[in-house]
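Please read through the structure below; I'll follow up with questions.
Each reported figure results from applying straightforward, stated rules to the coordinates on display, with no laboratory input. On a predicted model such as this, the values are computed, not experimentally measured, just so you know. Here Cβ is always computed from backbone atoms with ideal geometry, including for glycine, and neighbour counts include all displayed protein chains.
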2 protein chains.
Amino acid sequence: MLQITQEERDAVYKTIYNRRDTRSEFKSDEVSDEVLQRLLDAAHHAPSVGFMQPWDFIVIKDKKIKQKIKDGFEIAHKEAANMFEGEKQKTYKTLKLEGILEAPIGICITCDRKRTGDTVIGRTANLEMDLYSAVCAVQTLWLAARAENLGVGWVSIVHHEVVQDALNIPDDVVPIAYLCIGHVTHFHEKPELEEAGWLPRMPLEDLVHYDSWGNKK
Amino acid sequence: MLQITQEERDAVYKTIYNRRDTRSEFKSDEVSDEVLQRLLDAAHHAPSVGFMQPWDFIVIKDKKIKQKIKDGFEIAHKEAANMFEGEKQKTYKTLKLEGILEAPIGICITCDRKRTGDTVIGRTANLEMDLYSAVCAVQTLWLAARAENLGVGWVSIVHHEVVQDALNIPDDVVPIAYLCIGHVTHFHEKPELEEAGWLPRMPLEDLVHYDSWGNKK
């Protein structure tokens, strides 16, 4: 059996614990094609329901296209600011939440819901499973990127229609994530929203139940 | 900056490429509490929108509760078989698709959509982002488990209501994944559906576009 050694296991944990959402720390240095292909191939080896592989990857380097995404972010960001009140709104406005133009590469991961036909093994009772498979590809790429010492930022403050339009994505294909990727000056020690005092990390034991919801050891 | 070395990077890729969905290979050997806690803590360090940490983890060892999930699987599995026709239906019926009773541990990962309130940073334009965060926790746990040489199987052929009822999950909390976890006799070299000839792996280059959908290099 193909064993993962203890050292290799520790490397996986190190990568998981040191992965961050990058917004402000992108450097303009190019990401090589070789590294980019490794990231995409890793993402392509995420689990997918019924081996459906519903994902596509759009690699964005064109500045005009990045600008369209950025413009879409600005609109959704203004809408969002109005949803917060008082101190939270003030803090919200000070946060840098994306690095669309700074990151040398954008990758949009999508989900083709019709891939392999209407009936998919494992998706019969839960139609959302293909979307979840595409999300697994996002997290797999994110961890691979951290292992390459690259930063990744997930831009979620943008409407689907903007992404769909900017990247010419067909109507029946769902944008799952727009990711900014690049070399970074550094990784934050903790998630930025934790560092900023926005929210604390919850104690793990509060989140674990045994056999039945609410049942604690 | 905290660097991941080349050897550590390779360990991450090794884990990504050798992760499998386990159904038939579970051994009854217990998973230690120490390892279980490592898996849960790793999952708790997945990315989450607005640092919302919307997940809970229900750890199932009780055989009666596993049986309820298994009964729910049987119902959804019969429904599913009727959705396939001819040869595909025959093949479908021969596939072993879960190891609910054999795996020593079940873990249900859920998403509490109201955690941290109605307005969540980063979820304002895309309300599904909390569900996606919980899926990131699933894939993080899955990779950590592979790094511990443990098998994981995602049981998606079961209706949410069954899981909700069996585990006493509140109505406003969404079950994202029911995972079977345990030591295994072996890992398949390739995904089982690929080995069984159900579907081939798609060539990566068919899935990659440059700057705009359909644009190939």
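Kirkwood hydrodynamic radius (Cα pairs, Å) of chain B?
Numbers: mean 1/r = 0.0521 Å⁻¹.
Every distinct Cα pair counted, the radius reaches 19.2 Å.
Kirkwood Rh and Cα-based Rg: tell me the resulting Rg over Rh for segment A:153-217, rounded to two decimals.
Numbers: Rg = 18.7 Å, Rh = 16.1 Å.
With Rg and the Kirkwood Rh in hand, the quotient comes to 1.16.
Between the label point of residue B:64 and that of the same position in each other copy, find the distances and list them shortest first in nm, with every label point placed 7 Å from Cα along the Cα-to-C-beta direction.
Label point to label point, same position, other copies: 6.8 nm.
Residue B:168 label points, 7 Å along Cα→Cβ, one per copy: pairwise distances from this copy to the rest in nm, shortest first?
Those separations, rounded to one decimal, come out as 5.6 nm.
Here is a follow-up. Once the Cα gyration tensor of segment B:1-124 is diagonalised, what are the square roots of 5 times its eigenvalues, in whole Å and ordered largest first, as equivalent ellipsoid semi-axes? Each step should come with its number before you reach the end.
Numbers: eigenvalues 198, 101, 71 Å².
So the three semi-axes of segment B:1-124 are 31, 22, 19 Å.
Right, another one. Nothing charged except the Cβ atoms of Lys and Arg (+1) and of Asp and Glu (-1): what's the magnitude of the dipole of chain A about its Cα centre? Round to the nearest 20 debye.
Details: 27 positive and 35 negative charges, 56 e Å.
Value, rounded to 20: 280 debye.
For chain A, modelled as a Gaussian network with Cα springs under 10 Å, which listed residue fluctuates most, A:207, A:141, A:39?
Its mean-square fluctuation being the largest, the pick is A:207.
Which loop-located GluC sites (Glu not before Pro) does segment A:74-124 contain, where loop means any DSSP state but H, G, I, E or B and the Cβ has at most 14 other Cβ atoms within 10 Å?
Answer in residue order: A:85.
Remind me, what semi-axes does the protein assembly as shown give for its equivalent ellipsoid, largest first in whole Å, using sqrt of 5 times each Cα gyration tensor eigenvalue? Can you show the working numbers first?
Numbers: eigenvalues 209, 122, 98 Å².
Semi-axes, largest first: 32, 25, 22 Å.
A further question follows. How big is the gap, in Å, between the Cα center of segment B:105-148 and the Cα center of segment B:1-63?
13
Residue A:210 label points, 7 Å along Cα→Cβ, one per copy: pairwise distances from this copy to the rest in nm, shortest first?
Reported distances to equivalent positions: 5.7 nm.
Net charge near residue A:176: determine it from the other residues with C-beta under 12 Å of the C-beta of residue A:176, scoring Lys and Arg +1 and Asp and Glu -1.
-4
Could you work out the helix-only [θ] at 222 nm for the protein assembly as shown, with each DSSP H run of four or more residues adding -39,500 (n - 2.57) and the total divided by the number of residues, to the nearest 500 deg cm²/dmol?
For the protein assembly as shown, the value works out to -12000 deg cm²/dmol.
Which whole-Hz ³J(HN,Hα) couplings does segment A:28-33 yield from phi under the Karplus relation 6.51 cos²θ - 1.76 cosθ + 1.60, θ = phi - 60°, glycine and proline marked x?
Couplings: 7, 3, 5, 9, 5, 4 Hz.
Among B:196, B:164, B:143, whose Cα projects farthest towards the positive end of the dipole of segment B:120-211, with charges put on the beta-carbon of Lys, Arg (+1) and Asp, Glu (-1)?
B:143
A follow-up question, please. Holding the Cα-Cα limit at 30 Å, pick out from A:114/B:78; B:64/B:190; A:68/B:216; B:93/B:114; B:114/B:190; A:78/B:216 the pairs that are longer than that.
Flagged as over cut-off: B:64/B:190; B:93/B:114; B:114/B:190; A:78/B:216.
Please work out the Cα convex hull volume for segment A:50-105 and give it in Å³ per residue.
Convex hull volume per residue, Cα atoms: 127 Å³.
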